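Before any comments, here is the structure.
The values are calculated or read from the model by the stated rules, or taken from the named source; none is laboratory data. As the structure is a computational prediction, the values presented were derived from the model and not from experiment. Cβ placement follows ideal geometry from the backbone for every residue including glycine, while neighbour counts extend to all protein chains displayed. When the accessible area is computed, the model is the full protein with side chains, heavy atoms only, and any ligands, DNA or RNA have been set aside. Shrake-Rupley method; radii C 1.70, N 1.55, O 1.52, S 1.80 Å.
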Amino acid sequence: MGAIIFTGAYAGPIVGFSLGGFLTEYIGWPYVFYASGTVGIVWYCFWLIFIAEKPDKDRFIRNEEVNYIESCMKETKVPNENLLIPWLRIFTSLPVWAIIVSHFCRSWVFYFLVTNEPNYLHVFGYSLSKNGLLSALPHVIMVLVSLSSGFLADGLRSHFQLTTTVVRKLFTCVGYGMEAVCLVALYWTTQGYLAVLFLTLGAGFSGITVSGWQVNHLDLSARFAAVLIGLSTAFGSIAGIICPIVVGILTAKSTVDEWQLVFLITFGVMCFTVIFYAIFGSGETQGWSNPSSPERQAIITTKEVSNYSSTASVQSIQSSPCETSAEYVHTKMP
């Protein structure tokens, strides 16, 4: 499920690059913004129609699905308002930093491709429309690989009994490692068709990481998964700010030699990420994900405050027979 959801982020550039190149060459660049705004409005309408806060409030879900989700929920006495976020232990957790480093690397490469790939291919003399189609090709392969990676990861865990840690490290390190090889190959590339080939292969391998570090937050702590995602996204956004600036400075004349240096730097970022995640990455629930003993005692005694009536949505990190790494728990206090 996680792989399917994350794939949406990589499917956007397919339409954006293809449509953007066509509109810019044949109609005018302002229409790229008009088209993007229209798509955003349409998406918002679908969001309002189909998204619900909870499964039992979904107008389109089947009863069987609701029953299955509710059967996966574990009752807990840990309401959100009584649970403190262990910031210090999160920031000193190496598995968390493994995710942060991976997110930084993903954002570096992703924003590099989204903002600079058309400029790089323009060096080889491709027209705007053809440039847009060629720039979208790597993302097509990335989407296909991302969708299949989720099923492959589940198969390795269920049929070959691989641990979650092994699967996460395997998909992250192989994906980033092979993408790094493809990018460093661009250092010696002087032909347009070879550049497209290596860009496409590299993006395809990166799609494997969707079932690696990108769903790893839930493994470490389903209860604080939202905190971890927000934290890693913040560091990933830093890469999104730095990368276009660095590339812009290094490719002022937009020559092949300048682009070769950019690919060499990106290769170094990816190699560091592979090594760091291979050493410190983990697929196990972390100890700080569970409330400490004082917290548990305070939570148990909340029964004494029976005049409070509230509904809290929390996440359970306990294991479940259901095929999911995260459980969302809905509990009511009398």
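Using the C-alpha atoms of region 23-66, what convex hull volume per residue, in cubic angstrom, is computed?
82 Å³
With a 1.4 Å probe and every protein chain left in place, tell me how much accessible area Lys169 has, in Å² to the nearest 10.
Probe radius 1.4 Å; accessible area of Lys169 about 50 Å².
Above 15 Å lies some portion of the pair distances; for region 106-152, what is it as a whole percent of all C-alpha pairs?
In whole percent, the share of Cα-Cα pairs in region 106-152 beyond 15 Å is 52.
Packing-wise, with mean Cβ within 10 Å as the measure, how do 36-47, 155-166, 202-213 rank, highest first?
Per-residue Cβ counts within 10 Å, averaged per peptide and sorted highest first, yield 202-213, 155-166, 36-47.
From zero outward in steps of 10 Å, how is the percent of C-alpha pairs of region 69-222 spread across the bins?
Values per bin, smallest distances first: 10, 31, 27, 19, 9, 3, 0.
Step through the residues of region 215-228 one at a time and calculate ³J(HN,Hα) from phi using the Karplus curve (6.51 cos²θ - 1.76 cosθ + 1.60, θ = phi - 60°), rounding each to whole Hz and writing x for Gly and Pro.
3J(HN,Hα) across region 215-228, in whole Hz: 10, 6, 4, 5, 5, 5, 6, 5, 5, 10, 4, 4, 5, 5.
Per residue, how much accessible surface does region 53-192 expose to a 1.4 Å probe? Answer in Å², no decimals.
Result: 53 Å² of accessible area for each residue.
With every protein chain kept in the model, how would you rank Ile275, Ile100, Ile85 by accessible area, 1.4 Å probe, largest at the top?
My answer, sorted largest first, is Ile275, Ile85, Ile100.
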